[in-house]
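Encoded as structure tokens, the structure appears first; notes follow it.
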Amino acid sequence: MRVHSITLVRHGRTAYNAVGRLQGQSDIPLDETGLWQVERTGESLRTLYVTNSGRRQIVVSSDLGRSMQTAHAFADALDLPVHADPRVRERDFGEWEGLRLRDIHERWPEDFASFMSFRGGEMNHGAEAKTSVGSRGVAALEDWSGRAGDDTDLFVFSHGAWISQTLQVLLGLAEIHPDFASLMSMRNAHWCRLRPLDLPDGPTRWRLAAFNHGPAIAEMSGWDDPQLP
């Protein structure tokens, strides 16, 4: 038994995103722009994947506030509960959390260069291993996707690094390229979508049907700096 689809959604913008700080598992709320973004994204997700679909929805979120706010922007209008799951939390970046990237570059230039070139410099500062992030992410997806059948869509609200690293483990990309450099991080309040393929001689294989999608307005200028009233 597997759900009809899995949609992974990155949270909206925070003040840390706006100035280039590493958030990791720091519990930072959405800023004004982020709140505006997730309202647009919630509307788009409901229009594209809920209205007239005839399917039920399960909504799961990281237990960090920015992700929960994004999930509720989608789920509240549908009167759906949001299930918090710590396995869906962002990667832990250790002592680098809360620091601006330019400050990290100034203080630890060699480790920063290694980090930016996917060679693991952040591991010298207590960061969680990418394989660990991807493994706990896959465990969460396998758990929740197996709780319902083809009459249900699963929506998981999480974070940029978590989504990238979970996808690369789930799709087997990390076995081909262990540096985890195969996918770009999605934009704030964007999503990707997975569909299952049930092979007769093996387990379910998840296929990437869409990546880094967002509301139509996100393709125009102003998504990251809208003129809010």
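The residue among 62, 14, 36 whose Cα reaches farthest toward the positive pole of the charge dipole of the stretch 1-76, with charges on the beta-carbon of Lys, Arg, Asp and Glu, is 62. The modelled label-to-label distance for the pair residue 228/residue 83, using points 7 Å beyond Cα in the direction of Cβ, is 3.2 nm. For the stretch 1-90, the Kirkwood estimate of the hydrodynamic radius, built from every pair of different alpha carbons, is 13.7 Å. Think of the stretch 1-154 as a dipole: +1 on every Lys or Arg Cβ, -1 on every Asp or Glu Cβ, centred on the Cα centre; then among 78, 134, 48, 48 lies furthest on the positive end. Among 49, 16, the sequence by solvent-accessible area, most first, with a 1.4 Å probe is 16, 49.
Between residue 114 and residue 142, the modelled labels are 3.1 nm apart [label points 7 Å from Cα along Cα→Cβ].
FRET efficiency for the residue 107 to residue 182 pair, using the beta carbon distance and R₀ = 35 Å, is estimated at 0.75. Expressed in units of 2.2 N^0.38 Å, where N is the residue count, the Cα radius of gyration of the stretch 90-164 is 1.42.
Counted as membrane-span-like here are DSSP H helices of the chain whose alpha-carbon atoms extend 27 Å or more along the helix's own axis and whose Kyte-Doolittle mean is -0.5 or above; there are none. Taking the Cα centre of the stretch 1-120 as reference, the dipole from Cβ charges on Lys and Arg (+1) and Asp and Glu (-1) amounts to some 520 debye. Scaled to the globular estimate 2.2 N^0.38 Å, the Cα spread of the stretch 46-85, given as radius of gyration, is 1.17.
Antiparallel beta bridges, as assigned by DSSP with both residues in the chain, represent about 45 percent of the total such bridges.
Pairwise Cα distances in the chain exceed 21 Å in 55 percent of cases. Normalised by 2.2 N^0.38 Å, where N is the number of residues, the C-alpha radius of gyration of the stretch 144-229 stands at 1.32.
The values are calculated or read from the model by the stated rules, or taken from the named source; none is laboratory data. Only a predicted model underlies this, so the values are computations on that prediction, with no experimental measurement involved. Backbone-built Cβ (ideal geometry, glycine too); neighbour counts: all protein chains shown. To get the accessible areas, we keep the full protein, side chains included, count just its heavy atoms, and leave off ligands, DNA and RNA. Shrake-Rupley method; radii C 1.70, N 1.55, O 1.52, S 1.80 Å.
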